[in-house]
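Engineer: The structure under discussion is supplied below as C-alpha coordinates; questions concerning it will follow.
The values are calculated or read from the model by the stated rules, or taken from the named source; none is laboratory data. These numbers were taken from a predicted model, which means no experiment stands behind them. Glycine also receives a Cβ, built like all others from the backbone with ideal geometry; neighbour counts cover every protein chain displayed. The area values use the complete protein model at the heavy-atom level, side chains included, leaving out ligands, DNA and RNA. Shrake-Rupley method; radii C 1.70, N 1.55, O 1.52, S 1.80 Å.
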Amino acid sequence: MRQLQKMIENWNNKVFAWGAAAVFFFSMLPIWYLAFYARPSGDDYGYSALTHAAWLDTHSLIEVLRAAVQTVVNNYNSWNGDWATTFLFSLMPEVFVPWSFWIVPFLMTGAVIAATGVFLYEICVKVMKLPGEDCVIYTALLLLTAYQFIPSTAIGMYWYVGAVHYMLPHAAGLLGIAWMSAYLRTGRRSRLILVTACAFFVGGSSYFTSLLLFLVFAAVLVLGWNRKRGRVMALLIPFLVCLIGFVIQCKSPGNTARGGEDFGFSASLAAYTVAESLRRGILTIGSYASEKTFSFVMLFVIALFGLESMDRATEKQKFSFPFPLLFAVVMFGCFSAMFAPEVYSERFDSIGISLGPATVRWFVFLPAAAFSILYCEGWVLSRLKRKKAKAGPAAEKEAKKGQEKEGQAEEGGRILGSGYRLWILLPGLLLAVLFLLFDREWMRTCVDRQAAEYVVSGQAEDFRDQIASQMEILLDDSVKEAYLCPINPEQGPLMHMPVTTDENAFTNWVVKNFYRKDKVVMVEPEDT
(Lines give C-alpha, C1' and ligand atoms only; values in the text may rest on other atoms or scores of the structure.)
Protein backbone atom coordinates (compact mmCIF):
# COMPACT_ATOMS: atom_id res chain seq x y z
CA MET A 1 0.00 0.00 0.00
CA ARG A 2 2.82 2.41 0.81
CA GLN A 3 4.40 1.79 -2.59
CA LEU A 4 1.06 2.53 -4.29
CA GLN A 5 0.65 5.63 -2.19
CA LYS A 6 4.13 6.89 -3.06
CA MET A 7 3.53 6.22 -6.75
CA ILE A 8 0.26 8.16 -6.70
CA GLU A 9 1.76 11.01 -4.71
CA ASN A 10 4.57 11.26 -7.26
CA TRP A 11 2.05 11.81 -10.03
CA ASN A 12 2.38 15.38 -11.15
CA ASN A 13 -0.72 17.38 -12.03
CA LYS A 14 0.87 17.79 -15.45
CA VAL A 15 -0.44 14.29 -16.21
CA PHE A 16 -3.98 15.37 -15.36
CA ALA A 17 -3.47 18.66 -17.21
CA TRP A 18 -2.40 16.90 -20.40
CA GLY A 19 -5.34 14.52 -20.01
CA ALA A 20 -7.88 17.32 -19.50
CA ALA A 21 -6.47 19.33 -22.41
CA ALA A 22 -6.58 16.27 -24.68
CA VAL A 23 -10.19 15.49 -23.75
CA PHE A 24 -11.20 19.08 -24.46
CA PHE A 25 -9.33 19.16 -27.79
CA PHE A 26 -10.89 15.93 -29.03
CA SER A 27 -14.32 17.11 -27.87
CA MET A 28 -13.97 20.12 -30.17
CA LEU A 29 -13.14 18.08 -33.29
CA PRO A 30 -16.78 17.30 -34.20
CA ILE A 31 -17.65 20.97 -33.64
CA TRP A 32 -14.82 22.12 -35.89
CA TYR A 33 -15.62 19.46 -38.47
CA LEU A 34 -19.09 20.96 -38.91
CA ALA A 35 -17.43 24.29 -39.68
CA PHE A 36 -16.98 23.07 -43.25
CA TYR A 37 -20.76 22.72 -43.59
CA ALA A 38 -21.63 26.11 -42.06
CA ARG A 39 -23.05 28.85 -44.28
CA PRO A 40 -24.03 32.52 -43.92
CA SER A 41 -27.63 33.09 -42.97
CA GLY A 42 -30.16 35.91 -42.72
CA ASP A 43 -28.52 38.87 -40.99
CA ASP A 44 -25.09 37.72 -42.17
CA TYR A 45 -26.17 38.78 -45.65
CA GLY A 46 -28.21 41.78 -44.53
CA TYR A 47 -25.42 43.58 -42.67
CA SER A 48 -22.84 42.77 -45.37
CA ALA A 49 -24.66 43.94 -48.49
CA LEU A 50 -23.01 47.38 -48.70
CA THR A 51 -19.50 46.14 -47.95
CA HIS A 52 -19.85 43.25 -50.43
CA ALA A 53 -20.94 45.69 -53.14
CA ALA A 54 -18.00 47.98 -52.32
CA TRP A 55 -15.57 45.08 -52.59
CA LEU A 56 -17.01 43.85 -55.90
CA ASP A 57 -16.94 47.35 -57.39
CA THR A 58 -13.55 48.58 -56.17
CA HIS A 59 -11.55 45.82 -54.45
CA SER A 60 -10.48 48.64 -52.15
CA LEU A 61 -10.28 47.98 -48.44
CA ILE A 62 -10.79 51.68 -47.75
CA GLU A 63 -14.07 51.66 -49.66
CA VAL A 64 -15.15 48.55 -47.81
CA LEU A 65 -14.46 50.26 -44.48
CA ARG A 66 -16.45 53.30 -45.61
CA ALA A 67 -19.33 51.02 -46.47
CA ALA A 68 -18.99 49.40 -43.04
CA VAL A 69 -19.28 52.82 -41.37
CA GLN A 70 -22.34 53.58 -43.49
CA THR A 71 -23.87 50.27 -42.36
CA VAL A 72 -23.31 51.32 -38.74
CA VAL A 73 -24.98 54.70 -39.34
CA ASN A 74 -27.95 53.14 -41.13
CA ASN A 75 -28.59 50.56 -38.43
CA TYR A 76 -27.89 52.95 -35.54
CA ASN A 77 -30.69 55.17 -36.77
CA SER A 78 -33.13 52.46 -37.77
CA TRP A 79 -32.62 49.23 -35.83
CA ASN A 80 -29.95 48.80 -33.12
CA GLY A 81 -27.29 50.77 -31.33
CA ASP A 82 -24.44 48.28 -30.99
CA TRP A 83 -22.12 50.25 -33.24
CA ALA A 84 -18.92 48.27 -32.58
CA THR A 85 -20.35 44.86 -33.43
CA THR A 86 -22.41 46.24 -36.32
CA PHE A 87 -19.13 47.37 -37.87
CA LEU A 88 -17.86 43.79 -37.62
CA PHE A 89 -21.19 42.39 -38.85
CA SER A 90 -20.54 44.06 -42.18
CA LEU A 91 -17.14 42.36 -42.57
CA MET A 92 -18.46 38.81 -42.87
CA PRO A 93 -15.76 36.66 -44.59
CA GLU A 94 -17.78 36.06 -47.75
CA VAL A 95 -17.79 39.78 -48.40
CA PHE A 96 -14.30 39.14 -49.75
CA VAL A 97 -14.08 35.46 -50.70
CA PRO A 98 -16.96 33.11 -51.63
CA TRP A 99 -17.05 29.81 -49.70
CA SER A 100 -14.85 31.25 -46.92
CA PHE A 101 -17.49 31.03 -44.19
CA TRP A 102 -15.90 27.86 -42.76
CA ILE A 103 -13.41 30.07 -40.93
CA VAL A 104 -16.13 31.65 -38.74
CA PRO A 105 -16.55 28.78 -36.22
CA PHE A 106 -12.77 28.57 -35.84
CA LEU A 107 -12.50 32.32 -35.23
CA MET A 108 -15.36 32.43 -32.73
CA THR A 109 -14.35 29.40 -30.69
CA GLY A 110 -10.68 30.39 -30.93
CA ALA A 111 -11.39 33.86 -29.53
CA VAL A 112 -13.34 32.51 -26.55
CA ILE A 113 -10.84 29.73 -25.84
CA ALA A 114 -7.88 32.13 -25.97
CA ALA A 115 -9.63 34.76 -23.83
CA THR A 116 -10.67 32.17 -21.25
CA GLY A 117 -7.11 30.88 -21.10
CA VAL A 118 -5.64 34.36 -20.61
CA PHE A 119 -8.27 35.21 -17.99
CA LEU A 120 -7.77 32.04 -15.94
CA TYR A 121 -3.97 32.24 -16.24
CA GLU A 122 -3.98 35.76 -14.84
CA ILE A 123 -6.31 34.96 -11.94
CA CYS A 124 -5.06 31.47 -11.10
CA VAL A 125 -1.33 31.69 -11.79
CA LYS A 126 -0.47 35.37 -11.39
CA VAL A 127 -2.89 36.35 -8.63
CA MET A 128 -3.62 33.13 -6.71
CA LYS A 129 -0.11 31.69 -7.33
CA LEU A 130 -1.41 28.31 -8.47
CA PRO A 131 0.72 26.01 -10.63
CA GLY A 132 0.28 26.38 -14.38
CA GLU A 133 -0.87 22.78 -14.77
CA ASP A 134 -3.73 23.41 -12.33
CA CYS A 135 -4.81 26.36 -14.46
CA VAL A 136 -4.81 24.11 -17.55
CA ILE A 137 -7.05 21.59 -15.77
CA TYR A 138 -9.59 24.24 -14.78
CA THR A 139 -9.54 25.90 -18.21
CA ALA A 140 -10.02 22.62 -20.08
CA LEU A 141 -12.84 21.40 -17.82
CA LEU A 142 -14.73 24.70 -17.94
CA LEU A 143 -14.43 25.02 -21.72
CA LEU A 144 -15.35 21.37 -22.23
CA THR A 145 -18.53 21.89 -20.22
CA ALA A 146 -19.32 25.26 -21.81
CA TYR A 147 -19.17 24.04 -25.40
CA GLN A 148 -20.72 20.61 -24.95
CA PHE A 149 -23.84 22.08 -23.32
CA ILE A 150 -23.96 25.50 -24.92
CA PRO A 151 -27.57 26.77 -25.13
CA SER A 152 -27.18 27.77 -28.78
CA THR A 153 -24.59 26.24 -31.08
CA ALA A 154 -25.65 28.69 -33.75
CA ILE A 155 -25.00 31.80 -31.67
CA GLY A 156 -21.93 30.29 -30.07
CA MET A 157 -20.21 29.20 -33.26
CA TYR A 158 -22.07 28.87 -36.56
CA TRP A 159 -23.98 32.13 -37.04
CA TYR A 160 -21.62 35.00 -37.78
CA VAL A 161 -23.81 37.87 -36.58
CA GLY A 162 -24.95 35.98 -33.48
CA ALA A 163 -21.44 34.96 -32.47
CA VAL A 164 -19.99 38.43 -33.10
CA HIS A 165 -22.83 40.01 -31.13
CA TYR A 166 -22.55 37.78 -28.07
CA MET A 167 -19.35 35.71 -28.01
CA LEU A 168 -16.74 38.24 -29.17
CA PRO A 169 -17.79 40.84 -26.55
CA HIS A 170 -17.68 38.07 -23.93
CA ALA A 171 -14.14 37.22 -25.00
CA ALA A 172 -13.17 40.91 -24.95
CA GLY A 173 -14.69 41.24 -21.48
CA LEU A 174 -12.61 38.35 -20.13
CA LEU A 175 -9.47 39.86 -21.64
CA GLY A 176 -10.37 43.25 -20.19
CA ILE A 177 -10.75 41.79 -16.69
CA ALA A 178 -7.48 39.87 -17.03
CA TRP A 179 -5.56 42.93 -18.19
CA MET A 180 -7.22 45.06 -15.51
CA SER A 181 -5.84 42.64 -12.93
CA ALA A 182 -2.44 42.68 -14.62
CA TYR A 183 -2.38 46.48 -14.52
CA LEU A 184 -3.26 46.57 -10.83
CA ARG A 185 -0.58 43.98 -10.18
CA THR A 186 2.25 45.44 -12.27
CA GLY A 187 1.33 49.03 -13.11
CA ARG A 188 2.37 48.52 -16.75
CA ARG A 189 0.79 51.12 -19.03
CA SER A 190 0.50 48.66 -21.89
CA ARG A 191 -2.04 46.73 -19.83
CA LEU A 192 -4.03 49.92 -19.21
CA ILE A 193 -4.12 50.55 -22.95
CA LEU A 194 -5.32 47.00 -23.58
CA VAL A 195 -8.05 47.35 -20.94
CA THR A 196 -9.18 50.58 -22.59
CA ALA A 197 -9.31 48.91 -26.01
CA CYS A 198 -11.46 46.10 -24.61
CA ALA A 199 -13.71 48.60 -22.84
CA PHE A 200 -14.13 50.56 -26.07
CA PHE A 201 -15.28 47.46 -27.95
CA VAL A 202 -17.49 46.11 -25.16
CA GLY A 203 -19.19 49.47 -24.59
CA GLY A 204 -20.28 49.57 -28.20
CA SER A 205 -21.27 45.95 -28.52
CA SER A 206 -22.93 44.15 -25.63
CA TYR A 207 -25.22 45.25 -22.83
CA PHE A 208 -24.44 41.97 -21.05
CA THR A 209 -20.65 42.21 -21.01
CA SER A 210 -20.81 45.96 -20.35
CA LEU A 211 -22.73 45.26 -17.14
CA LEU A 212 -20.16 42.63 -16.19
CA LEU A 213 -17.29 45.10 -16.66
CA PHE A 214 -19.13 47.77 -14.69
CA LEU A 215 -19.53 45.36 -11.77
CA VAL A 216 -15.83 44.45 -11.90
CA PHE A 217 -14.85 48.14 -12.09
CA ALA A 218 -17.03 48.81 -9.01
CA ALA A 219 -15.43 45.93 -7.08
CA VAL A 220 -11.94 47.16 -7.97
CA LEU A 221 -12.84 50.68 -6.88
CA VAL A 222 -14.04 49.47 -3.47
CA LEU A 223 -11.32 46.90 -2.78
CA GLY A 224 -8.31 48.68 -4.26
CA TRP A 225 -8.92 52.30 -3.29
CA ASN A 226 -6.85 52.30 -0.08
CA ARG A 227 -3.95 50.17 -1.33
CA LYS A 228 -3.52 51.16 -4.98
CA ARG A 229 -5.36 54.41 -5.32
CA GLY A 230 -3.26 55.75 -8.19
CA ARG A 231 -3.80 52.67 -10.35
CA VAL A 232 -7.48 52.50 -9.47
CA MET A 233 -7.85 56.13 -10.53
CA ALA A 234 -6.17 55.32 -13.84
CA LEU A 235 -8.75 52.58 -14.43
CA LEU A 236 -11.41 55.29 -14.53
CA ILE A 237 -10.20 55.89 -18.10
CA PRO A 238 -11.39 52.52 -19.47
CA PHE A 239 -14.44 52.72 -17.22
CA LEU A 240 -15.48 56.04 -18.76
CA VAL A 241 -14.69 54.77 -22.26
CA CYS A 242 -16.97 51.78 -21.69
CA LEU A 243 -19.66 53.96 -20.11
CA ILE A 244 -19.64 56.45 -22.98
CA GLY A 245 -19.87 53.64 -25.53
CA PHE A 246 -22.69 52.07 -23.52
CA VAL A 247 -24.64 55.36 -23.34
CA ILE A 248 -24.18 55.95 -27.07
CA GLN A 249 -25.54 52.47 -27.67
CA CYS A 250 -28.52 53.05 -25.37
CA LYS A 251 -29.35 56.40 -27.00
CA SER A 252 -29.65 54.88 -30.49
CA PRO A 253 -32.77 56.07 -32.36
CA GLY A 254 -32.94 52.52 -33.64
CA ASN A 255 -33.76 51.30 -30.14
CA THR A 256 -36.91 53.41 -30.15
CA ALA A 257 -37.79 52.24 -33.64
CA ARG A 258 -37.33 48.65 -32.56
CA GLY A 259 -38.82 48.86 -29.07
CA GLY A 260 -41.60 51.34 -29.74
CA GLU A 261 -42.27 54.90 -28.62
CA ASP A 262 -42.45 53.88 -24.96
CA PHE A 263 -38.96 52.39 -25.00
CA GLY A 264 -36.60 54.17 -22.61
CA PHE A 265 -35.33 54.35 -19.04
CA SER A 266 -37.67 53.97 -16.10
CA ALA A 267 -36.57 53.89 -12.45
CA SER A 268 -39.39 51.55 -11.48
CA LEU A 269 -38.58 49.23 -14.37
CA ALA A 270 -34.88 49.29 -13.39
CA ALA A 271 -35.78 48.28 -9.81
CA TYR A 272 -38.01 45.50 -11.13
CA THR A 273 -35.20 44.38 -13.43
CA VAL A 274 -32.75 44.00 -10.53
CA ALA A 275 -35.17 42.00 -8.39
CA GLU A 276 -36.34 39.83 -11.26
CA SER A 277 -32.78 39.17 -12.42
CA LEU A 278 -31.82 37.90 -8.96
CA ARG A 279 -34.91 35.67 -8.86
CA ARG A 280 -34.16 34.23 -12.29
CA GLY A 281 -30.55 33.68 -11.31
CA ILE A 282 -31.65 31.37 -8.49
CA LEU A 283 -34.15 29.53 -10.68
CA THR A 284 -31.65 29.10 -13.50
CA ILE A 285 -29.00 27.59 -11.25
CA GLY A 286 -31.65 25.13 -10.13
CA SER A 287 -32.45 24.28 -13.73
CA TYR A 288 -28.73 23.79 -14.45
CA ALA A 289 -28.57 21.35 -11.53
CA SER A 290 -31.41 19.27 -12.96
CA GLU A 291 -30.75 19.63 -16.69
CA LYS A 292 -26.98 20.11 -16.95
CA THR A 293 -25.73 17.66 -14.33
CA PHE A 294 -22.47 17.26 -16.26
CA SER A 295 -21.53 20.81 -15.28
CA PHE A 296 -21.89 20.09 -11.58
CA VAL A 297 -19.81 16.93 -11.92
CA MET A 298 -17.06 19.04 -13.54
CA LEU A 299 -17.35 21.60 -10.74
CA PHE A 300 -16.99 18.72 -8.27
CA VAL A 301 -13.79 17.63 -10.07
CA ILE A 302 -12.51 21.21 -9.96
CA ALA A 303 -13.22 21.23 -6.22
CA LEU A 304 -11.17 18.05 -5.78
CA PHE A 305 -8.14 19.52 -7.53
CA GLY A 306 -8.90 22.89 -5.96
CA LEU A 307 -8.26 21.65 -2.43
CA GLU A 308 -4.67 20.82 -3.35
CA SER A 309 -4.32 24.04 -5.32
CA MET A 310 -5.58 26.22 -2.51
CA ASP A 311 -3.51 24.33 0.04
CA ARG A 312 -0.43 25.39 -1.91
CA ALA A 313 -1.83 28.90 -2.50
CA THR A 314 -2.45 29.57 1.20
CA GLU A 315 1.05 28.30 1.94
CA LYS A 316 2.69 30.75 -0.49
CA GLN A 317 0.76 33.90 0.36
CA LYS A 318 -0.69 35.57 3.41
CA PHE A 319 -4.04 36.31 1.76
CA SER A 320 -6.67 34.66 3.99
CA PHE A 321 -9.61 34.71 1.55
CA PRO A 322 -11.87 36.77 3.83
CA PHE A 323 -15.65 37.01 3.48
CA PRO A 324 -16.33 33.87 1.42
CA LEU A 325 -20.08 34.37 1.60
CA LEU A 326 -19.73 37.90 0.28
CA PHE A 327 -17.50 36.68 -2.55
CA ALA A 328 -20.05 34.01 -3.53
CA VAL A 329 -22.81 36.64 -3.44
CA VAL A 330 -20.78 38.91 -5.73
CA MET A 331 -20.23 36.04 -8.16
CA PHE A 332 -23.95 35.32 -8.08
CA GLY A 333 -24.59 39.01 -8.71
CA CYS A 334 -22.37 38.95 -11.79
CA PHE A 335 -24.27 35.94 -13.09
CA SER A 336 -27.67 37.46 -12.32
CA ALA A 337 -26.70 40.71 -14.05
CA MET A 338 -26.67 38.74 -17.30
CA PHE A 339 -30.47 38.55 -17.04
CA ALA A 340 -30.94 42.31 -16.77
CA PRO A 341 -30.99 43.35 -20.47
CA GLU A 342 -33.41 40.54 -21.29
CA VAL A 343 -35.70 41.29 -18.34
CA TYR A 344 -35.71 45.00 -19.18
CA SER A 345 -36.51 44.49 -22.86
CA GLU A 346 -39.26 41.95 -22.19
CA ARG A 347 -41.55 44.79 -21.16
CA PHE A 348 -41.52 45.97 -24.76
CA ASP A 349 -43.36 43.42 -26.87
CA SER A 350 -41.73 44.34 -30.16
CA ILE A 351 -38.27 43.22 -29.02
CA GLY A 352 -37.66 39.52 -29.58
CA ILE A 353 -35.35 37.46 -27.36
CA SER A 354 -32.94 34.94 -28.88
CA LEU A 355 -30.84 32.27 -27.20
CA GLY A 356 -27.91 34.69 -27.14
CA PRO A 357 -28.55 35.91 -23.56
CA ALA A 358 -28.84 32.31 -22.34
CA THR A 359 -25.52 31.50 -24.01
CA VAL A 360 -23.73 34.43 -22.40
CA ARG A 361 -25.18 33.54 -19.00
CA TRP A 362 -23.93 29.97 -19.36
CA PHE A 363 -20.40 31.15 -20.12
CA VAL A 364 -20.47 33.52 -17.12
CA PHE A 365 -21.96 30.98 -14.71
CA LEU A 366 -19.22 28.37 -15.08
CA PRO A 367 -16.16 30.49 -14.12
CA ALA A 368 -18.19 32.32 -11.46
CA ALA A 369 -19.15 29.01 -9.86
CA ALA A 370 -15.60 27.64 -10.14
CA PHE A 371 -14.04 30.70 -8.51
CA SER A 372 -16.64 30.64 -5.74
CA ILE A 373 -15.61 27.06 -4.98
CA LEU A 374 -11.88 27.82 -5.05
CA TYR A 375 -12.29 30.93 -2.90
CA CYS A 376 -14.33 29.10 -0.26
CA GLU A 377 -11.77 26.28 -0.20
CA GLY A 378 -9.03 28.85 0.29
CA TRP A 379 -10.96 30.37 3.20
CA VAL A 380 -11.41 26.99 4.90
CA LEU A 381 -7.76 26.01 4.49
CA SER A 382 -6.46 29.39 5.67
CA ARG A 383 -8.58 29.14 8.83
CA LEU A 384 -7.34 25.61 9.49
CA LYS A 385 -3.75 26.80 9.10
CA ARG A 386 -4.32 29.65 11.53
CA LYS A 387 -5.74 27.20 14.06
CA LYS A 388 -2.78 24.93 13.48
CA ALA A 389 -0.36 27.81 14.08
CA LYS A 390 -2.15 28.76 17.32
CA ALA A 391 -1.83 25.20 18.61
CA GLY A 392 1.83 25.90 19.11
CA PRO A 393 5.13 24.44 17.92
CA ALA A 394 4.99 21.52 20.37
CA ALA A 395 1.67 20.23 19.10
CA GLU A 396 2.81 20.70 15.51
CA LYS A 397 6.04 18.81 16.20
CA GLU A 398 4.14 15.97 17.86
CA ALA A 399 1.70 15.76 14.94
CA LYS A 400 4.56 15.71 12.47
CA LYS A 401 6.23 12.82 14.31
CA GLY A 402 3.02 10.82 14.11
CA GLN A 403 2.71 11.53 10.41
CA GLU A 404 6.29 10.52 9.75
CA LYS A 405 5.64 7.18 11.43
CA GLU A 406 2.76 6.63 9.04
CA GLY A 407 4.73 7.87 6.05
CA GLN A 408 2.38 10.84 5.61
CA ALA A 409 4.47 13.88 6.48
CA GLU A 410 3.04 17.22 5.32
CA GLU A 411 5.00 19.56 3.12
CA GLY A 412 5.76 23.02 4.38
CA GLY A 413 2.82 23.42 6.72
CA ARG A 414 0.13 22.17 4.38
CA ILE A 415 -3.15 20.92 5.76
CA LEU A 416 -3.74 18.06 3.37
CA GLY A 417 -1.72 14.99 4.23
CA SER A 418 0.16 12.91 1.72
CA GLY A 419 -2.74 10.44 1.59
CA TYR A 420 -5.08 12.99 0.03
CA ARG A 421 -4.59 11.74 -3.50
CA LEU A 422 -4.98 8.08 -2.66
CA TRP A 423 -7.94 8.36 -0.31
CA ILE A 424 -9.82 11.43 -1.59
CA LEU A 425 -8.74 12.65 -5.05
CA LEU A 426 -8.70 9.32 -6.89
CA PRO A 427 -11.89 7.96 -5.29
CA GLY A 428 -13.55 11.29 -6.03
CA LEU A 429 -12.50 11.13 -9.69
CA LEU A 430 -13.71 7.54 -9.89
CA LEU A 431 -17.03 8.57 -8.38
CA ALA A 432 -17.37 11.33 -10.99
CA VAL A 433 -16.65 8.89 -13.82
CA LEU A 434 -19.16 6.36 -12.48
CA PHE A 435 -21.83 9.04 -12.16
CA LEU A 436 -21.30 10.10 -15.77
CA LEU A 437 -21.43 6.49 -16.94
CA PHE A 438 -24.76 5.89 -15.23
CA ASP A 439 -26.26 9.29 -16.07
CA ARG A 440 -26.79 8.84 -19.81
CA GLU A 441 -28.82 12.01 -20.28
CA TRP A 442 -25.73 14.15 -20.81
CA MET A 443 -24.57 11.79 -23.56
CA ARG A 444 -27.84 12.32 -25.43
CA THR A 445 -27.75 16.10 -25.17
CA CYS A 446 -24.08 17.00 -25.64
CA VAL A 447 -23.10 18.89 -28.79
CA ASP A 448 -20.73 16.16 -29.98
CA ARG A 449 -23.64 13.71 -30.08
CA GLN A 450 -25.72 16.18 -32.09
CA ALA A 451 -22.87 16.81 -34.52
CA ALA A 452 -22.14 13.10 -34.99
CA GLU A 453 -25.81 12.26 -35.62
CA TYR A 454 -26.11 15.10 -38.12
CA VAL A 455 -23.14 13.83 -40.12
CA VAL A 456 -23.82 10.09 -39.85
CA SER A 457 -27.46 10.52 -40.88
CA GLY A 458 -26.35 12.05 -44.18
CA GLN A 459 -28.26 15.27 -43.46
CA ALA A 460 -25.06 17.33 -43.33
CA GLU A 461 -23.95 16.13 -46.77
CA ASP A 462 -27.46 16.65 -48.13
CA PHE A 463 -27.44 20.22 -46.79
CA ARG A 464 -24.04 20.93 -48.37
CA ASP A 465 -25.13 19.58 -51.76
CA GLN A 466 -28.29 21.70 -51.75
CA ILE A 467 -26.33 24.80 -50.74
CA ALA A 468 -23.84 24.11 -53.55
CA SER A 469 -26.66 24.02 -56.10
CA GLN A 470 -27.96 27.35 -54.76
CA MET A 471 -24.54 28.97 -54.78
CA GLU A 472 -23.95 27.96 -58.38
CA ILE A 473 -26.94 30.13 -59.30
CA LEU A 474 -26.24 32.96 -56.85
CA LEU A 475 -22.62 33.35 -57.97
CA ASP A 476 -23.58 33.40 -61.65
CA ASP A 477 -23.71 37.08 -62.62
CA SER A 478 -25.64 36.27 -65.79
CA VAL A 479 -28.60 35.04 -63.72
CA LYS A 480 -30.68 37.97 -62.45
CA GLU A 481 -33.73 36.06 -61.26
CA ALA A 482 -32.57 33.25 -59.00
CA TYR A 483 -34.95 30.33 -58.50
CA LEU A 484 -33.44 28.13 -55.80
CA CYS A 485 -34.06 24.54 -54.75
CA PRO A 486 -35.47 23.89 -51.24
CA ILE A 487 -33.08 23.33 -48.35
CA ASN A 488 -33.17 20.37 -45.98
CA PRO A 489 -35.00 21.70 -42.89
CA GLU A 490 -32.91 19.42 -40.63
CA GLN A 491 -29.83 21.52 -39.88
CA GLY A 492 -28.55 19.91 -36.67
CA PRO A 493 -26.31 22.29 -34.73
CA LEU A 494 -25.92 24.60 -37.74
CA MET A 495 -27.74 27.87 -38.39
CA HIS A 496 -29.56 28.59 -41.64
CA MET A 497 -32.50 30.78 -42.53
CA PRO A 498 -33.69 29.34 -45.85
CA VAL A 499 -34.93 31.35 -48.77
CA THR A 500 -38.71 30.98 -48.99
CA THR A 501 -41.37 30.95 -51.69
CA ASP A 502 -42.20 34.56 -50.79
CA GLU A 503 -39.81 36.78 -52.70
CA ASN A 504 -40.57 39.65 -50.30
CA ALA A 505 -39.58 37.69 -47.20
CA PHE A 506 -36.63 38.99 -45.17
CA THR A 507 -34.24 36.18 -46.10
CA ASN A 508 -35.07 36.47 -49.80
CA TRP A 509 -34.55 40.21 -49.66
CA VAL A 510 -31.13 40.14 -47.96
CA VAL A 511 -29.82 37.34 -50.20
CA LYS A 512 -31.03 39.25 -53.26
CA ASN A 513 -29.21 42.40 -52.17
CA PHE A 514 -26.01 40.60 -51.26
CA TYR A 515 -25.71 38.76 -54.58
CA ARG A 516 -27.16 41.65 -56.62
CA LYS A 517 -30.11 39.79 -58.05
CA ASP A 518 -33.44 41.19 -59.23
CA LYS A 519 -35.30 38.34 -57.56
CA VAL A 520 -34.47 35.44 -55.25
CA VAL A 521 -37.15 32.87 -54.52
CA MET A 522 -37.39 29.21 -53.62
CA VAL A 523 -39.32 27.10 -56.11
CA GLU A 524 -42.19 25.03 -54.83
CA PRO A 525 -41.13 21.47 -53.92
CA GLU A 526 -43.49 19.96 -56.49
CA ASP A 527 -41.81 22.03 -59.23
CA THR A 528 -38.29 20.74 -58.53
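Engineer: Please list, ordered by chain and number, the residues whose modelled amide H lies under 5 Å from the amide H of Val520; skip anything fewer than 5 residues away on the same chain.
Structural biologist: Ala482
Engineer: May I ask you to give the percent of accessible area on the chain that is carbon plus sulfur, with a probe radius of 1.4 Å? Can you show the working numbers first?
Structural biologist: Values: 16230 of 24980 Å².
Roughly 65 percent of what the probe reaches on the chain is carbon or sulfur.
Engineer: Say a site is exposed when it is one of the chymotrypsin sites (Phe, Trp or Tyr not before Pro), sits in a DSSP loop, and has at most 13 other Cβ atoms within 10 Å; what is then the longest site-free stretch of the chain?
Structural biologist: 320-528
Engineer: In addition: Counting only heavy atoms of protein chains, what accessible area per residue, in Å², does the range 198-252 have with a probe of 1.4 Å?
Structural biologist: 49 Å²
Engineer: Turning to a different aspect of this structure: Is the range 61-108 best put as rounded, prolate or oblate by its Cα gyration tensor, with a ≥ b ≥ c the root eigenvalues, rounded for a/c under 1.5, and otherwise prolate when a/b is larger than b/c, oblate when not?
Structural biologist: Judged from the Cα gyration tensor, the range 61-108 comes out oblate (a/c at least 1.5, b/c at or above a/b).
Engineer: Let me ask you something else. Can you tell me the FRET efficiency between Ile248 and Arg386 if r is taken as the Cβ-Cβ distance and R0 is 41 Å, rounded to the nearest 0.05?
Structural biologist: My answer for the efficiency is 0.25.
Engineer: Testing the spin-label approximation: label points 7 Å from Cα along Cα→Cβ at Asn77 and Asp502. State their distance in nm.
Structural biologist: Here the answer is 2.8 nm between the modelled labels.
Engineer: Quick check: from the Cα gyration tensor, does the range 106-201 come out rounded (a/c under 1.5), prolate or oblate? Display every interim value, and only then the final one.
Structural biologist: Details: a/c = 3.37, a/b = 1.31, b/c = 2.56.
In terms of gyration-tensor shape, oblate.
Engineer: At 7 Å along Cα-to-Cβ for each site, give me the label-to-label distance between Leu431 and Asp462 in nm.
Structural biologist: 4.6 nm
Engineer: On a 0 to 90 degree scale, rounded to 10, what angle separates helix 293-316 from the longest Cα axis of the chain?
Structural biologist: 50 degrees
Engineer: For Rg and Dmax of the Cα atoms in Å, one of [x] 32.3, 107; [y] 24.5, 83; [z] 26.2, 93 was computed from the structure I shared and the rest are decoys. Which label?
Structural biologist: This structure yields the entry labelled [z].
Engineer: Still on this model: What does the charge count around Gly176 come to, taking other residues whose C-beta lies under 13 Å from its C-beta (Lys +1, Arg +1, Asp -1, Glu -1)?
Structural biologist: Values: positive: Arg191; negative: Glu122.
That works out to 0.
Engineer: Using the alpha-carbon atoms, what tilt in degrees (0 to 90, nearest 10) does helix 132-148 show relative to the longest principal axis of the chain?
Structural biologist: 40 degrees
Engineer: First measure r as the distance between the Cβ atoms of Ala22 and Arg516, then evaluate 1/(1 + (r/R0)^6) with R0 = 51 Å and state the FRET efficiency to the nearest 0.05.
Structural biologist: On the way: r = 47 Å, r/R0 = 0.92.
With R0 = 51 Å, the Cβ-Cβ based efficiency is 0.60.
Engineer: Given axes a ≥ b ≥ c from the Cα gyration tensor, I'd like to know whether the range 323-377 is rounded (a/c under 1.5), prolate (a/b larger than b/c) or oblate.
Structural biologist: oblate
Engineer: Something else now. How far is helix 207-224 tilted off the main Cα axis of the chain, in degrees rounded to 10, range 0 to 90?
Structural biologist: Its long axis makes an angle of about 30 degrees.
Engineer: Still on this structure, I have one more. Quote the FRET efficiency, to the nearest 0.05, computed for Glu291 versus Arg347 with a Förster distance R0 of 30 Å and r equal to the Cβ-Cβ distance.
Structural biologist: So, using R0 = 30 Å, E works out to roughly 0.65.
Engineer: Another question, then. Pop a pseudo-label 7 angstrom from the Cα along the beta-carbon direction at both Ser320 and Met233 and give the gap in nm to one decimal.
Structural biologist: Spacing of the two 7 Å Cα→Cβ label points: 3.1 nm.
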